[in-house]
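Read through the structure below, which is laid out as structure tokens, and then see the notes.
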Amino acid sequence: MAPTDADAIRRSLDEPAAFGAVFDRHFGAVHAFAQRRVGVTLAEEVAAEAFARAFAARKRYDLTQPNALPWLLGIATNLLRRHWRTEKRRLTAYAKVAAQHVDGVDAATAEEAIAAVARLPRRQREVVLLHVWADLSYEQIARALDIPVGTVRSRLHRARGALGTDPILEPSRA
Amino acid sequence: MPDLELLRRLAPPVEPAPRRSFTPPRPRRRAPLVLTPIAAGVAALAFAVAQLGGGQSFAEAAIRAAEASPRLLVDGWDVTRVDEWDAGQGEMTFARDGRTLELRWPAERDKGLERVRGDVYRYPGSNDFTAYVGEATVRGTAPSADAFAEAIKRVHRVSAEEWLRALPGSAVTPRARAATVAEMLRGIPLPAGFKPPAAAGETRDRYQLGAHVAGAVACAWIERGGEQAREALATARSWPILLEMNAEGDYPEVLWSYADAVAAHGEVPGGKPGMTVEETYRDALGC
């Protein structure tokens with residue numbers, strides 16, 4: 001079985017370069033998530049700083065968790081908070097062109113969907129975007145944001161209400 | 001009506017991540033610092049002066065920092081906001097007759113734009129325009145491409161002194177930083193020996209500087225720990241700078257949630273098993 005992220009982090013406590021395995025495995029995903037939220041230029045800065053902070057904090061990583069991506073995306077989410085103005089501008093602009101990237105969705109529907117995300121309170125928006133643009137499960141979002149799974153569910157529930165959808169909870173994905 | 005599956009499908013397209021490899025940073029050695037506890041305001045000013053370097057004048061430092069910026073102004077438009085969060089990175093907002101322009105450096109190129117003319121682009125079907133002026137991106141809404149291009153013609157580079165004079169009251173220049181930081185610290189209990197965050201030489205937006213300063217205080221108390229720290233952080237909802245900032249953004253709410261967690265004896269709000277305030281506060285508060 002291939003070494004897990006936890007294996008690499010454990011090894012990196014004595015051999016720092018071993019953290020490179022975590023970097024190689026997840027830099028793309030962290031960069032992509034940041035890029036979706038704040039654009040390609042800031043994405044590199046955010047992703048690089050997320051890994052720098054992760055490396056500095058690796059002694060506190062929960063080694064019972066084989067996959068470090070939720071932890072890394074949680075660090076990136078914290079970093080992205082300082083760029084809210086940029087993110088809001090991008091969401092507002094992207095709303096107008098979003099339909100171009102999806103088949104079968106009219107421009108007005110796409111614009112309202114993205115604009116609705118921009119209007120969400122921060123705590124709900126972060127949970128929604130980790131779920132839909134980083135593909136994290138409820139349990140993974142809970143790890144990323146250091147909140148209980150119940151809190152994830154309630155924020156998604158309230159976000160669905162704000163987004164105008166039927167507030168029925170989705171089954172959790174492992 | 002939008003649903004989560006629709007949002008998933010509407011995820012913005014992304015470019016491949018640049019090829020990078022990881023190099024572990026070298027450990028840094030820090031000299032131990034010993035400070036005699038003195039009045040916090042005086043300490044803040046003394047420290048700020050020391051960070052600007054002994055006999056240097058504030059004006060020299062401000063001009064040197066301004067020289068590192070693109071120093072662009074728009075003729076006939078007022079600067080309403082400026083923030084440089086790092087060397088060579090920042091943004092400005094200009095306003096005139098109810099319209100706004102936003103300028104950001106370094107330039108960032110968005111996908112999905114259609115070229116209108118020359119270096120002017122537009123989001124299709126909208127009146128949101130973008131242009132690339134030297135090392136900066138300029139964005140704004142205009143009734144037409146001609147009107148936007150007319151505004152872009154007014155963008156010009158100025159001297160450091162002229163740029164600094166044009167900045168709004170919300171901009172905190174290096175010259176004003178020490179006094180502003182001291183003012184932001186008023187009404188906030190400080191741990192003995194507290195050192196405000198060092199000046200980096202850039203001009204900061206007041207809100208962003210407030211987050212930097214209030215965050216440094218909260219982090220210092222969390223690191224100190226104990227009953228005195230809990231009592232100090234319990235006052236966070238009355239800190240004047242946070243009350244001012246709360247009308248503009250979310251940072252105060254983040255800090256207050258950590259103050260509440262410290263009052264609950266170190267548990268993260270909601271209590272994720274095994275994780276404490278001590279293990280998460282640096283990322284959350286930006287220490």
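The values are calculated or read from the model by the stated rules, or taken from the named source; none is laboratory data. Quantities reported herein were computed from a predicted structural model and do not represent experimental measurements. Neighbour counts are summed over all protein chains in view; Cβ atoms, including those assigned to glycine, are modelled from backbone coordinates with ideal geometry.
Below, the figures for the structure above:
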item	result
Some residue of the range A:115-136 being at pLDDT 80 or above, touching a Pro at 6+ places or on another chain (Cβ under 7 Å) and over 21 Å from B:ASP250 (Cα atoms)	yes
Selection count where residues are at pLDDT below 80 and over 22 Å from A:LEU145 (Cβ atoms), scope the range B:223-269	2
Given (1) facing chain B (nearest Cβ under 8 Å); (2) modelled with pLDDT under 90, number of the condition A:GLU49 does not satisfy	(1)
Helices (runs of 4 or more DSSP H) wholly inside the range B:189-267 that include at least 3 residues being under 21 Å from the mean Cα position of the chain (by Cα) and in contact (Cβ under 8 Å) with a residue 40 or more places away in the chain	B:206-224, B:251-263
Boolean, A:ARG60 is basic (Lys, Arg), in contact (Cβ under 8 Å) with a residue 24 or more places away in the chain and more than 25 Å from B:PRO12 (Cβ to Cβ)	no
Flag if A:THR109 is within 8 Å of chain B (Cβ to nearest Cβ), without any contact (Cβ under 8 Å) to a residue 12 or more places away in the chain and either buried (at least 23 other Cβ atoms within 10 Å of the Cβ) or closer than 24 Å to B:GLU91 by Cα (or both)	no
Boolean, A:ASN78 is facing chain B (nearest Cβ under 8 Å) and either in contact (Cβ under 8 Å) with a residue 12 or more places away in the chain or out of contact with any Phe, Trp or Tyr (no Cβ under 6 Å at 6 or more places or on another chain) (or both)	yes
Entirely in the range A:1-87, the helices (runs of 4 or more DSSP H) that have 1 or more residues that are more than 21 Å from B:GLN89 (Cα to Cα) and touching a Pro at 6+ places or on another chain (Cβ under 9 Å)	A:5-12, A:20-38, A:40-56
Subset of the range A:1-19 (residues that are touching a helix residue (DSSP H, G or I) at 6+ places or on another chain (Cβ under 8 Å) and surrounded by fewer than 18 Cβ atoms within 10 Å (Cβ to Cβ))	A:PRO3, A:ARG11, A:LEU13, A:PRO16
The range A:46-70, residues that are of a type in the set (A, V, I, L, M, F, W, C) and farther than 20 Å from A:VAL149 by Cβ	A:VAL46, A:ALA47, A:ALA48, A:ALA50, A:PHE51, A:ALA52, A:ALA54, A:PHE55, A:ALA56, A:ALA57, A:LEU63
Hits in the range B:221-256 - residues which are surrounded by 18 or more Cβ atoms within 10 Å (Cβ to Cβ) and of a type outside the set (A, V, I, L, M, F, W, C)	B:GLY249, B:TYR251, B:PRO252
Some residue of the range A:134-149 being more than 8 Å from chain B (Cβ to nearest Cβ), assigned to a helix (DSSP H, G or I), more than 22 Å from A:GLY28 (Cα to Cα) and not aromatic (Phe, Trp, Tyr)	yes
Candidates A:ALA43, A:ALA54, A:ALA47 - the one that is over 26 Å from B:THR130 (Cβ atoms) and either in contact with an Asp or Glu (Cβ under 6 Å, 6 or more places away or on another chain) or without any contact (Cβ under 8 Å) to a residue 40 or more places away in the chain (or both)	A:ALA54
Residue within the range A:161-170 that is surrounded by 22 or more Cβ atoms within 10 Å (Cβ to Cβ), at pLDDT 90 or above and facing chain B (nearest Cβ under 7 Å) present	no
